[in-house]
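Participant: What follows is a structure written as structure tokens; I'll ask about it next.
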Amino acid sequence: MQLAERNRLRVRFRPGGLAPILVIFVVLLVLLGTRQPDFLSPPSLMSFLGRSAPLILLAAGQYFVIVAGEFDLSVGSLVTAQVVVAARLIDSDPSRTWPVILLLLAFGAAVGLVNGLITTRLRVSSFITTLGMYLILVGAVYLWSDGAPKGGLSEEFRRFGRRAFEDVFLVGRIPYALLILLAVAALAVLLTRSDFGRTLVAAGGNPRTAELSGVRVRHAKTLAFVLSGLAAAVAAILIGGYSGVSFQAGAGLEFGAITAVVLGGVALGGGRGSVVGAMLGALTLETLFTLMNFYGVSGALRSTVQGAIILLAVAVSAMRSVPAKGIQ
Amino acid sequence: MRRSTAAVAIGAVLALAGCATDEPTAVASGTASQAAGSGTGAQSKFFVQADYDKELALLGATPTGTAGKPWEQVLEPNMVQTAKFKKPGPHKICFSNAGLNNPWRQVGFKTMQAEVETHGRQIKQFVHVDAEGKDQKQIADINDLLGKGCDALIVSPNTTATLTPAVEAACAKGLPVIVFDRGVDSTCPVTFINPIGGYGFGHVAADFISKRMKPGGKVLALRILPGVDVLETRWSAAKVAFDKAGVDVIGVEFTDGDPAKTKKIVNDYIQRYGTIDGVWMDAGAVAVAAVEAFVDAGRPVPPINGEDQLDFLKMWKDKNLTAIAPTYPTYQWRTPIIAALRVLNGEPVSSPWKLPQPTITQDNLAEYLDADMPPLHYAVCGCTDLPGYPQRWK
């Protein structure tokens, strides 16, 4: 009975529903199309999707953590660390590309595992855990590289974030990054529909009930951090590919990913929202920034806009959760 | 309950985002303000007409000193006596370094270490302290060095105003102090060594770009960040040149030195304006990303400037770009060691010691290209004759 009632709410009002973000996205696209019709031409749209892929991936990773009621603030510095490590290890030698890619994925998973274990086993708030990880990674990268990146990425490594299948029928070009994104997105959707996905939402919505009903909350949450770390690794491969090695590679991405997830209707604090919404949120955020640029709004306003979105989304979500609490 | 946790969390995330873009070299005072897309905007608060005129005049000056060794050359020398600092060697030379936090400083410091080696027994000890880009640490570092029996102190200040009192305190100890790269607001150091400067850099690039288009041509200006004196002077000189040439500066954007951000900005401008006739940059770090944005969009690369980093020079040659690379040469890291030994020897030195500031053009590009050196190496390092080359710089 209770469940049915909640399900009904889910469709229409729930902030986790896809309707609001879809409306915002379509409105922004229409505005973009009127301002800059060329933007909607297939090759340009494809390039846009390709370069937006890293943030969308990070939003998907962040979704798993946030829906379980946690945060992952370490992804930005993890991306920077991965790009810097990749450049130093590959050192422009093409034959090292694949081993280094595997190493990056393992590194991302390991950082996520540590975040997850500290949060769930030692019961440290994930906010503090991942903030600590953020600082550790920033410091470690600085120490390891003497403060400036060394080495270089091979063209084989860079193609994933930079190149595309050219001269494709109808759409013009399909960036590799977009294909990687679609594959990861499909996996993410499958995961949310699995027992694991439902466990996460339950753990975020009401951890006590979930625990009492025999759900392995700690396992699920730890796995969520591992997924976020893996998403950061894939994003790092794409970002490094897109623009090359830089100490700035991941700067501010944790913030962008959290904004995207919130914009996509996922409740901070967990329990509600969909991974598709989170990824749409990231795409909408990138669209918004592009629109701002086309209207000549200074790039300096970007962080202000991100902050405003988070505050607004939380306010709306808090207002909506008042009647919901009554039901619970 | 959960809502309030979330709200606290958001506050902290906002603070974190602020930290992430913090730049240690930023000088707090003053910013150049201009909205993107409104031409060149108001002139920077850092602009000083007299300094601008002087630097532009120096661009055409002939240096004195050994030809082929620009790190020993001086533009318009003004010799000062140093007999009072004369001391028998070998010497202990101390160096308070603002930081090693970018590839330019890394290359420079390696060059300086190699220079120290060339002097063999004249230098018994070389003490280096890295301030990691923090003013407070550098003030403490200089203070510590004063008690370490240094015969001469070299300072590369993190910021001008904040480090001035610390440098003055060192002068008051009777120690010969040599300042290079960024300056201090004091005449107490024996000499201040730096190349021509930011106005020269910005002017050379802007002049090259605006001469390769018709009046009204569309220029995109990419800047690292506002409020840093060396970067503000570069932009302010470019603004003067662009205004004079009557080109249309369609945007002045800050990249934070982030190649991904640069590429997105350039990509957006390409879509917004179709063709762009020139790209001006206040530093070379993201020049390659800007070029890549045109290449990846399948557009011809317009006239552009970079700096002497090898990744840009290599791309220039490979893609046959119309380009120029004014420099802020890393060979200036050799000069303070040379100056310190001359001062301790009682020989006169020039104060200020203005070094030549070469420009890489199509004609001399081949001299600077070296496929064996890493992409972030700075070509105008004057280091090819130093011990340990090339391995030390790899």
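The values are calculated or read from the model by the stated rules, or taken from the named source; none is laboratory data. Predicted model, so just to flag it, every value in this text is computed and none were measured. Note: ideal-geometry Cβ built from the backbone for every residue, glycine included; neighbour counts use all protein chains shown. These area figures cover heavy atoms from the full protein model, side chains too; ligands, DNA and RNA do not enter into them. Shrake-Rupley method; radii C 1.70, N 1.55, O 1.52, S 1.80 Å.
Participant: Just to be sure, is B:ASP135 surrounded by 17 or more Cβ atoms within 10 Å (Cβ to Cβ) and modelled with pLDDT under 95?
Facilitator: yes
Participant: Could you list, in sequence order, the residues of the range A:253-281 that are away from chain B (no Cβ under 14 Å) and either among the basic types (Lys, Arg) or farther than 24 Å from A:LEU113 by Cβ (or both)?
Facilitator: A:GLY264, A:GLY265, A:SER274, A:VAL276, A:GLY277, A:LEU280, A:GLY281
Participant: Can you pull out every residue in the range A:138-152 that is open to solvent by 20 Å² or more (accessible area, probe 1.4 Å) and under 24 Å from the mean Cα position of the chain (by Cα)?
Facilitator: A:VAL138, A:GLY139, A:ALA140
Participant: One residue is enough: does the range A:136-154 have a residue meeting the conditions within 30 Å of A:PRO43 (Cα to Cα), part of a loop (DSSP other than H, G, I, E, B), away from every other protein chain (no Cβ under 11 Å) and among the small types (Gly, Ala, Ser)?
Facilitator: yes
Participant: Looking for whichever is part of a strand (DSSP E or B) and open to solvent by 10 Å² or more (accessible area, probe 1.4 Å) here; the options are B:ILE276, B:ILE324. Which one fits?
Facilitator: B:ILE324
Participant: Just to verify a result, which residue in the range B:279-306, among those that are open to solvent by 10 Å² or more (accessible area, probe 1.4 Å) and within 30 Å of B:TYR331 (Cβ to Cβ), is farthest from the other protein chains (Cβ to nearest Cβ)?
Facilitator: B:PRO303
Participant: With A:ARG121, A:ARG159 as the choices, which residue is within 16 Å of A:SER243 (Cβ to Cβ), open to solvent by 40 Å² or more (accessible area, probe 1.4 Å) and in contact with a helix residue (DSSP H, G or I) (Cβ under 8 Å, 6 or more places away or on another chain)? Reasoning before the result, please.
Facilitator: Details: A:ARG121 fails: within 16 Å of A:SER243 (Cβ to Cβ).
Exactly one residue qualifies, and that residue is A:ARG159.
Participant: Right, another one. Check the range A:286-303 and report whether any residue there is more than 10 Å from every other protein chain (Cβ to nearest Cβ) and surrounded by 23 or more Cβ atoms within 10 Å (Cβ to Cβ).
Facilitator: Checked against the condition, which is being more than 10 Å from every other protein chain (Cβ to nearest Cβ) and surrounded by 23 or more Cβ atoms within 10 Å (Cβ to Cβ), the range A:286-303 yields no hits at all.
Participant: Would you point out the residue of the range B:32-46, among those that are modelled with pLDDT under 50 and aliphatic (A, V, I, L, M), that is nearest to B:LEU231 (Cα to Cα)? Spell out the reasoning first.
Facilitator: Of the residues in the range B:32-46, the ones modelled with pLDDT under 50 are B:32-38.
If we keep only those that are aliphatic (A, V, I, L, M) as well, we get B:32, B:35-36.
Details: B:ALA32: 10, B:ALA35: 18, B:ALA36: 18 Å.
Checking each candidate, the answer is B:ALA32.
Participant: Do we find a residue being assigned to a loop (DSSP other than H, G, I, E, B), within 15 Å of the chain's Cα centre (by Cα), over 30 Å from B:GLY147 (Cβ atoms) and not aromatic (Phe, Trp, Tyr) anywhere in the range B:178-201? Full working, then the answer.
Facilitator: Within the range B:178-201, the first condition is being assigned to a loop (DSSP other than H, G, I, E, B), and the residues that meet it are B:181-190, B:196-197.
Applying the additional criterion that residues be within 15 Å of the chain's Cα centre (by Cα) yields B:181-183, B:196-197.
Add one more test, that the residue is over 30 Å from B:GLY147 (Cβ atoms), and what stays is B:196-197.
Checking the rest, the ones that are also not aromatic (Phe, Trp, Tyr) come to B:196-197.
For the range B:178-201, residues assigned to a loop (DSSP other than H, G, I, E, B), within 15 Å of the chain's Cα centre (by Cα), over 30 Å from B:GLY147 (Cβ atoms) and not aromatic (Phe, Trp, Tyr): present.
Participant: I would also like to ask the following. Residue by residue through the range B:225-259, note down the ones that are of a type in the set (A, V, I, L, M), within 12 Å of chain A (Cβ to nearest Cβ) and surrounded by fewer than 24 Cβ atoms within 10 Å (Cβ to Cβ).
Facilitator: B:LEU225, B:ILE250
Participant: Could you tell me which of the residues B:VAL127, B:VAL155, B:VAL167 is in contact with a Cys (Cβ under 6 Å, 6 or more places away or on another chain), under 19 Å from B:LEU344 (Cβ atoms), in the same structural domain as B:ASN97 (by TED's automatic domain parsing) and not in a loop (DSSP other than H, G, I, E, B)?
Facilitator: B:VAL127
Participant: Restricting to the range A:206-252, give me the number of residues that are open to solvent by 10 Å² or more (accessible area, probe 1.4 Å), under 14 Å from the mean Cα position of the chain (by Cα), away from chain B (no Cβ under 14 Å) and more than 20 Å from A:GLU155 (Cα to Cα).
Facilitator: Number satisfying all stated conditions: 4.
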